[in-house]
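What follows is a short report on a single structure.
The values are calculated or read from the model by the stated rules, or taken from the named source; none is laboratory data. Just so we're clear, the structure is a prediction, and the values are computed from it rather than from any experiment. Neighbour counts run over all protein chains shown; Cβ positions are idealised from the backbone, glycine included.
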Amino acid sequence: MVQVADELGPVALLSAELTKWARERTLADYGVDLEFESEEGLFRDLDSMRESRARLYVAEIEGEPVGMGALRPLAPDVAEIKRMYVRPSVRGLGVGRAILQRLVDDARGLGYKAIRLDSAPFMHEAHALYRSFGFVPTAPHKGWEFESVPGLRDIPVVFMSLNLGAG
């Protein structure tokens, strides 16, 4: 079900869906029209998720990409989950749970002691999934990538972390 992303085409497609959905929801819920990264920036970001202590997965159903998730180093002993997304048409089938389980297992295997993430406030189902894995609310992490994006300071971004123990 969850596969390592060797080619970035499906990830770019899913990322575009995620960006469009998040932008529409942010505009509708907060009246803020966010401009997200360029396609070049997206591929640079996604490519960084393929380094040795990072992981990038695509979930497929019957050969069709339906979800994705990535893990990348935030600090030597802290990983960050990025780009968790499951198409609305397959939500509730366990795709997000499978991706998240794989990322948590990989983080442990790679020797990380903690995982951090940030999420939009309207992603209630994702927050419930993260809580079911033991993630708890936390303060924003240093170097949060959207810190300087105009408009985001007025949106209550959700930050969560999971303590993996001593590794």
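Among the residues of this structure, Arg55 counts as one that is under 19 Å from Ala107 (Cα atoms), among the basic types (Lys, Arg) and at pLDDT 80 or above. Checked against (1) more than 17 Å from Gly109 (Cα to Cα); (2) crowded, with 16+ Cβ neighbours inside 10 Å; (3) modelled with pLDDT under 85, Val66 passes all but a single condition, namely (3).
Looking only at the stretch 129-157, residues that are modelled with pLDDT under 80 and not in a loop (DSSP other than H, G, I, E, B) come to 3 in all.
Would a scan of the stretch 69-89 turn up a residue that is of a type in the set (Asp, Glu) and surrounded by 22 or more Cβ atoms within 10 Å (Cβ to Cβ)? Yes: one or more hits.
The one condition from (1) modelled with pLDDT under 85; (2) farther than 28 Å from Gly109 by Cα that Ala166 does not meet is (2). Within the stretch 90-106, the set of residues being of a type in the set (Gly, Ala, Ser) and surrounded by fewer than 20 Cβ atoms within 10 Å (Cβ to Cβ) comprises Gly92, Gly94, Ala98. What about Leu56, is it surrounded by 15 or more Cβ atoms within 10 Å (Cβ to Cβ) and in a strand (DSSP E or B)? Considered against the rule, which asks whether it is surrounded by 15 or more Cβ atoms within 10 Å (Cβ to Cβ) and in a strand (DSSP E or B), Leu56 comes out as yes. Would you confirm whether any residue within the stretch 6-14 is modelled with pLDDT of 90 or more and assigned to a helix (DSSP H, G or I)? Checking the stretch 6-14: at least one residue is modelled with pLDDT of 90 or more and assigned to a helix (DSSP H, G or I). Restricting attention to the stretch 72-108, which residues are touching a residue at least 12 places away in the same chain (Cβ under 8 Å), within 19 Å of Met123 (Cα to Cα) and not in a helix (DSSP H, G or I)? Of everything in the stretch 72-108, those that are touching a residue at least 12 places away in the same chain (Cβ under 8 Å), within 19 Å of Met123 (Cα to Cα) and not in a helix (DSSP H, G or I) turn out to be Glu80, Ile81, Lys82, Arg83, Met84, Tyr85, Val86, Arg87, Arg91, Leu93.
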